[in-house]
Amino acid sequence: MHKVTVAKQLLKDFQPDNDLFPSYHLPKVRERAREQHADLVKELREEWAARAQSIDAL
């Protein structure tokens with residue numbers, strides 16, 4: 001196969017991103033993860049704060 005043919009076949013379903021950075025850009029990925037797991041992060045922070053208070057009480 002010719003390289004151009006292979007390239008066309010690989011890129012035929014490609015959809016460009018309209019944003020400045022691609023969707024896999026790490027700051028975007030981190031922000032999405034923070035939004036998706038905000039409740040878990042809040043729960044863990046509360047648990048850690050409770051543990052820290054119990055350690056300080058010793």
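Read-outs throughout are calculated quantities, based only on the coordinates presented, and are distinct from any laboratory measurement. Note that this is a predicted model, so its numbers are computed, not measured.
Based on this model, can you work out whether residue 33 counts as over 23 Å from the mean Cα position of the chain (by Cα) and not aromatic (Phe, Trp, Tyr)?
Working: over 23 Å from the mean Cα position of the chain (by Cα): no; not aromatic (Phe, Trp, Tyr): yes.
Criteria not met by residue 33.
Among the residues of region 43-58, those that are of a type outside the set (A, V, I, L, M, F, W, C) and under 29 Å from the mean Cα position of the chain (by Cα) comprise 43, 45, 46, 47, 51.
Each row is one residue, and each column tells you yes or no for (1) of a type outside the set (A, V, I, L, M, F, W, C); (2) part of a loop (DSSP other than H, G, I, E, B).
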| position | (1), (2) |
| --- | --- |
| 8 | yes, no |
| 14 | no, yes |
| 21 | no, yes |
| 24 | yes, yes |
| 29 | no, no |
| 35 | yes, no |
| 39 | yes, no |
| 46 | yes, no |
| 52 | no, no |
